[in-house]
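Colleague: Below is one structure. I have some questions about it.
The values are calculated or read from the model by the stated rules, or taken from the named source; none is laboratory data. Treat the numbers as computed from the prediction; the structure is a model and nothing was measured. For neighbour counting, all protein chains shown are included, and Cβ atoms are generated from backbone atoms with ideal geometry for every residue, glycine included. In case anyone asks, the SASA skips ligands and DNA or RNA and just uses the protein heavy atoms, side chains included. Shrake-Rupley method; radii C 1.70, N 1.55, O 1.52, S 1.80 Å.
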Amino acid sequence: MQATLEAIVAQNRTLTAHGKVATYIPELAMGDANALGICVIDGAGNVHLAGDTDIRFTLQSVSKVFALMLALEDQGFAGVFDHIGMEPTGDAFNSIVKLETFASLRPLNPLINAGAIATTALIKGDSVAERFQRLYNYIEAIAGEERISFNERVYRSEKATGDRNRAIGYFLRDIGAVCGDVDEILDLYFRQCSIETDVIGLATLARRLALGPEAEPALSPEVLRIARTFMYTCGMYDATGEFAVKVGIPAKSGVSGAIMATAPGHELGIGVIAPALDQKGNSKAGVQALVDLSRLLQLSVF
Ligand code: GLU
């Protein structure tokens, strides 16, 4: 495995030059455009590392998977899907265009920004601080205390510049898809995106999603099933179909250049970081590293 990962990193590192680090959140522009790091935790629980594995990065959209899981725990199936749809989108992750044209006036799915903001709004707690702490604890319980932290600079940077998400939040309240204080909901959303980890933490999260419900910490089988399904159908923005064909396992990417990929049939979890993104917002070298890894290890579910 070690030699395989090192070869994959060596093969794909040059691709980072064809991507661009996200700059719309100014603090993300600090990401290392040349970096590529990967961690695989295999079926036996062994940790394999290659490339730039010391980098810490924010979860960004990867956090949406765990916000969905906690919202499902808090509100149940109907409590979530009465407000949020289940369909993939062909539009960009932060697009507003479908909100008004979709007949039911619900955001399309929980992994695009509109659906994610509506999902975050469903996390229970008496204050933003309590609701955030519950989500943070949920993620930390899976990844381990030493792997999870909070990046205050990225949080402040997104909060200062997140007008598109603000627009989405207010529009959602106007159509009745969220209720309550929009600024508070967005604050919680910006905070969840700024939870920070490394590739080992990301692969640990991915591996937990690959295991059955009874592994530690125990997770509801239904919640686990729904999370994996949305990752497979909606996890890679508007490139999810191509990723399913070429890689074939549930995954979720974030604009920090992170990709969390999970192979339930192999009980294997993968964390990748390569901040330079392609035009759709997925890690340029990270996606190709996963194409190669999936082919070599025959990970595809079909
Ligand atoms: N915080 C980012 C945003 O809402 C997350 C986007 C992403 O990673 O796709 O713009």
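Colleague: Quick one: the Cα spread of the range 166-218 along its three principal axes, in angstroms, biggest first?
Modeller: Extents along the principal axes, in whole Å: 41, 24, 13.
Colleague: From the mean inverse distance of alpha carbon pairs (Kirkwood) and the Cα radius of gyration, derive Rg over Rh for the range 219-302.
Modeller: 0.95
Colleague: Once you keep just the Cα pairs under 8 angstrom separated by 6 or more residues, what percentage relative contact order results for the range 92-187?
Modeller: Averaging sequence separation for qualifying contacts and normalising by length gives 30 percent for the range 92-187.
Colleague: Also, quick follow-up: For the range 12-64, report the % of Cα-Cα distances exceeding 15 Å.
Modeller: Roughly 61 percent, once rounded to a whole number.
Colleague: Kindly write out, for the range 122-127 in residue order, the coupling ³J(HN,Hα) from the Karplus curve 6.51 cos²θ - 1.76 cosθ + 1.60 (θ = phi - 60°), rounded to whole Hz, with x marking Gly and Pro.
Modeller: Couplings: 8, 6, 7, x, 7, 8 Hz.
Colleague: Let me ask another. Determine ³J(HN,Hα), in whole Hz, for all residues of the range 240-253 in sequence, where each value follows from phi through the Karplus function 6.51 cos²θ - 1.76 cosθ + 1.60 and θ = phi - 60°; x replaces Gly and Pro.
Modeller: With the stated coefficients, the range 240-253 comes to 5, x, 4, 5, 4, 5, 8, 10, x, 9, x, 8, 9, 10 Hz.
Colleague: Taking Cα atoms, how many degrees apart are the long axis of helix 152-161 and the longest axis of the chain, rounded to 10 and kept between 0 and 90?
Modeller: That helix lies at roughly 50 degrees to the long axis.
Colleague: What are the semi-axes of the equivalent ellipsoid of the range 71-214, taken as the square roots of 5 times the eigenvalues of the Cα gyration tensor, listed largest first and rounded to whole Å?
Modeller: 25, 18, 15
Colleague: Sequence neighbours fewer than 8 away in the same chain don't count; with that in mind, list the aspartates and glutamates whose C-alpha is under 16 Å from Lys284.
Modeller: Leaving aside aspartates and glutamates fewer than 8 places away in the same chain, those within reach of Lys284 are Asp32, Asp52, Asp238, Glu242, Asp292.
Colleague: With a 1.4 Å probe and all protein chains left in place, how much accessible area per residue does the range 172-302 have, in Å²?
Modeller: Ligands and nucleic acids excluded, the figure is 33 Å² per residue.
Colleague: List the relative contact order of the chain as a percent without decimals, with contacts defined as Cα pairs under 8 Å and 6+ residues apart.
Modeller: 28 percent
Colleague: Here's a follow-up. Taking the inverse of the average 1/r across all pairs of different Cα atoms in the range 143-302, what Kirkwood radius in Å do you get?
Modeller: 16.9 Å
Colleague: Would you mind giving the three semi-axes, in whole Å and largest first, of the ellipsoid equivalent to the chain according to its Cα gyration tensor?
Modeller: That gives 28, 20, 18 Å for the three semi-axes.
Colleague: Starting with the highest mean, order 70-78, 226-234, 294-302, 239-247 by the number of other Cβ atoms within 10 Å, averaged over the residues of each peptide.
Modeller: Going by the mean number of other Cβ atoms within 10 Å, highest first, we get 226-234, 239-247, 70-78, 294-302.
Colleague: Could you work out how far helix 163-174 tilts from the main Cα principal axis of the chain, as a 0 to 90 degree angle to the nearest 10?
Modeller: 50 degrees
Colleague: If you place +1 on the Cβ of every Lys and Arg and -1 on the Cβ of every Asp and Glu, how big does the dipole about the Cα centre of the range 41-197 come out, in debye to the nearest 20?
Modeller: Computed about the Cα centre, the dipole is about 260 debye.
Colleague: Starting from the Cα of Thr4, step 7 Å toward the Cβ, then list every residue of the range 36-58 with an amide N under 14 Å from that point.
Modeller: Under cut-off, by backbone N: 39-50.
Colleague: Over the range 128-177, how many percent of alpha carbon pairs lie in each 10 Å bin up to the one with the longest distance?
Modeller: Taking every Cα pair in the range 128-177, the percentages come to 21, 33, 35, 11, 0.
Colleague: With the cut-off at 28 Å, tell me which of the pairs Lys124/Lys280; Lys98/Lys280; Lys124/Lys246; Lys20/Lys124; Lys64/Lys280 have Cα atoms farther apart than that.
Modeller: Lys124/Lys280; Lys124/Lys246; Lys20/Lys124
Colleague: Right, another one. Just the number, please: carbon plus sulfur as a percent of the accessible area of the range 104-263, 1.4 Å probe, no ligands or DNA/RNA counted.
Modeller: Within the range 104-263, the accessible surface is 51 percent carbon and sulfur.
Colleague: Counting every Cα pair in the range 81-140, what percent are over 15 Å apart?
Modeller: More than 15 Å apart: 52 percent of the Cα pairs in the range 81-140.
Colleague: Cut-off under 15 Å on the C-alpha distance; same-chain residues fewer than 8 positions from Lys159 excluded. Which aspartates and glutamates are left, in chain and number order?
Modeller: Glu27, Asp183, Glu184, Asp187
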